[in-house]
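Structure, as structure tokens:
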Amino acid sequence: MAVSDAVVTASGVRKSFDEEGVLEDVDLTVRDGELLVLMGPNGVGKSVLLSCLAGSDRPTEGSVSVFDEPATARADTTSFLLQDALCHEKLTGRENVAFYDRLHPEFTDAWRDYADRLGIAEDLERPVENYSGGMVRKLELSIAASIDVPIYLFDEPTAALDLPTVQTVHDLFREKRAAGKTLVVASHRPMDADIADRVAFLADGEIAAAGTPDELLASLPPILETGTAHTGALADAIRGDPYAVAGNVRGFLPADGDDPDPAVDDAAAATGIDPDDLAVAEPTYTDLFNYYTNTGPDERPTHNR
Amino acid sequence: MSTETQTGRGSDADLERNRQDREPTRDRDRDPRRWLAQASAFTRRSLQEVHNSWLLLGWVIAFPAIMYLFFVAQGTDGPATADAIISIGIGVMGALFVCLYLFGDQLAGDLEDRRYAAYRSMPLSPAADLAGRMAAGLVLATAAFAATILAGVATGAEYSLRGPESIPIVVVAGLLTCVFWMVVAIPIVLAADNESVAEWVSSLVAVAAFILTGFNGALPAQSPIEGELLNYLPNALPTRLLVYHLVPTENWTELGAAPPAMPTGLEFVALLAGYAIVALVAGTVLLNRYAYDRGWWP
């Protein structure tokens, strides 16, 4: 393989619809056995990129290879969960499962375990049109995860799920990874970064950054936090827009050095906020998510992809 | 920045299995058991969808029989064979309605709900997809036609096989006709790019063909189309073949079924087969190219 353990490689991928570009220049490598979380806000093109990786869509420009072959030629190596696209609403949950059981040669009985753990085993005789959004997601996840392939591509698998179920889904993903499978999980929920070996941020049509969670957290500029309601004033002293975290307001200081104190003092002077109401906070996945979605490309460092 | 990561690894057996999974499986793609399993998946799902909706089931199966009963209830003075001719014309319309409306609606639903985005990421055979959908369409079209004929029998219409050869001719003509008209639904669905529009257009095609050809060619006097053309149109030809082989009469002119003369020769069955083959090739190409994005031919 071109890269020692790369199983999926996207090179210079551009994808446009009706001349409107969604992906501009995406370079991304997915390595054997890793769990890569692809993060980005809604509408940024995560689903489109996953569709290209799955061989479901062809890039307008660039290439996607899976095991060194074009992705469109290796449909036997991936299981692709696309939001709200797998299940037929007029059929029951069990009928949908039976359909994919016949359809996909690598479908396994693991769906029984997944349906049970995700709490939909008792609902399988009901038509999917009577399911909630979260139940549909659980059924789709049970189906997609039951296909025994080397690579899983999950599009927003935790959207619409309650927190206990998200933990169950995370456990399921960890089990897949422990079994040597490769997973790419697209998400706009910062908490999904918790299970990642690597995180890749999709912003402005390209991969803005990729790395381990620790690397990316360490690369963040100092984070300024205030408990006051001076969000408007805070905007004058930070990069990008302020955002709320647990009742406080945060933003990224312009300083990149080891000592953020001078920048905090500058921010206090610029905003008029009492310095005692300002603090430098420990970075979290929420900060990471906001950094790559709220700041412009010129304000961010470049990372490996 | 280093991008080396700690990744979870399974046992050597797991990894070896993954390596085997990565070998190209194109030979397995041609496994007939896999092909049949995929075709049956589409067949069963299509039938389950109709079975799960009594409204849809009644609409596609009972609609032509009810239409025939309304026609008879208005009072017809003709002989029992005339009612049989009318029932066959309406029964074929019911079969065409299933082929166009139902087949098209289910295909449009899969496209509109983005299920083909998922199918394209799977090792599916487009030909199995098409064959499976068609098998379900054939079952339902046969049921719609049979329901209309049963309604005819119940109201005294007279049917009889012209000879032993009539059985295969009727079966083959029905099958070929359904194949042709299901494929007609595919470009309608692809061009409409909208499930509701596709439903309306496909229904309109079935009704327009029925009216413009005089009960699908069963009653040429009620069609603006004159001459031999009715014996060559893909909706009128099979209807007239079925009428000839299922209605025990020779007084075609008196019953309004002629002119033109009835299509009695095997060459007309061959022509119908030609239509179906061309349609099947076109349908395979369309599905392969536009739904699966895999080129012009599997």
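The values are calculated or read from the model by the stated rules, or taken from the named source; none is laboratory data. All of these numbers come straight from a predicted model, not from anything done at the bench. Ideal geometry is used to build each Cβ from the backbone, glycine not excepted, and the neighbour counts take in all protein chains shown. Surface areas here come from the heavy atoms of the whole protein model, side chains and all, with no ligands, DNA or RNA. Shrake-Rupley method; radii C 1.70, N 1.55, O 1.52, S 1.80 Å.
Is it fair to say B:A236 is surrounded by fewer than 21 Cβ atoms within 10 Å (Cβ to Cβ) and closer than 19 Å to B:A141 by Cα?
Answer is no for this residue.
Taking segment B:104-123 only, how many residues are open to solvent by 10 Å² or more (accessible area, probe 1.4 Å) and in contact (Cβ under 8 Å) with a residue 24 or more places away in the chain?
Total satisfying the criteria: 6.
Quick one: is A:V184 hydrophobic (A, V, I, L, M, F, W, C) and within 14 Å of chain B (Cβ to nearest Cβ)?
Taking the combined requirement at face value, the residue satisfies it.
Identify the residue in segment A:3-55 that is among the basic types (K, R) and open to solvent by 20 Å² or more (accessible area, probe 1.4 Å) and, among all such residues, is nearest to the chain's Cα centre (by Cα).
A:R31
With respect to A:R102, determine if the residue is within 12 Å of chain B (Cβ to nearest Cβ), of a type in the set (D, E, K, R), surrounded by fewer than 23 Cβ atoms within 10 Å (Cβ to Cβ) and touching a helix residue (DSSP H, G or I) at 6+ places or on another chain (Cβ under 9 Å).
yes
Mind checking whether some residue in segment A:138-153 is under 21 Å from A:A98 (Cα atoms), open to solvent by 10 Å² or more (accessible area, probe 1.4 Å), more than 10 Å from every other protein chain (Cβ to nearest Cβ) and not in a loop (DSSP other than H, G, I, E, B)?
Yes; the residues of segment A:138-153 include at least one that is under 21 Å from A:A98 (Cα atoms), open to solvent by 10 Å² or more (accessible area, probe 1.4 Å), more than 10 Å from every other protein chain (Cβ to nearest Cβ) and not in a loop (DSSP other than H, G, I, E, B).
Scan segment A:51-64 for residues that are more than 8 Å from chain B (Cβ to nearest Cβ) and without any contact (Cβ under 8 Å) to a residue 60 or more places away in the chain and jot them down.
A:C52, A:P59, A:T60, A:E61, A:G62, A:S63, A:V64
Looking at the structure I just gave you, is A:P254 in contact with a strand residue (DSSP E or B) (Cβ under 9 Å, 6 or more places away or on another chain), at pLDDT below 80 and open to solvent by 10 Å² or more (accessible area, probe 1.4 Å)?
So A:P254 passes the test.
Among the residues of segment A:79-99 satisfying the criterion of being touching a Ser or Thr at 6+ places or on another chain (Cβ under 8 Å) and assigned to a loop (DSSP other than H, G, I, E, B), which is farthest from the other protein chains (Cβ to nearest Cβ)?
Of everything passing the filter in segment A:79-99, A:Q83 is farthest from the other protein chains (Cβ to nearest Cβ).
With A:D116, A:D76 as the choices, which residue is in the same structural domain as A:L161 (by TED's automatic domain parsing), assigned to a loop (DSSP other than H, G, I, E, B) and within 17 Å of A:A145 (Cα to Cα)?
A:D76
Does segment B:184-204 include one or more residues that are closer than 30 Å to B:E250 by Cβ and crowded, with 20+ Cβ neighbours inside 10 Å?
Within segment B:184-204, not a single residue is closer than 30 Å to B:E250 by Cβ and crowded, with 20+ Cβ neighbours inside 10 Å.
Would you say B:Y159 is assigned to a loop (DSSP other than H, G, I, E, B), of a type in the set (S, T, Y) and more than 30 Å from A:L53 (Cα to Cα)? Before you say what the answer is, go through the steps one by one.
On the way: assigned to a loop (DSSP other than H, G, I, E, B): yes; of a type in the set (S, T, Y): yes; more than 30 Å from A:L53 (Cα to Cα): yes.
The answer is yes for B:Y159.
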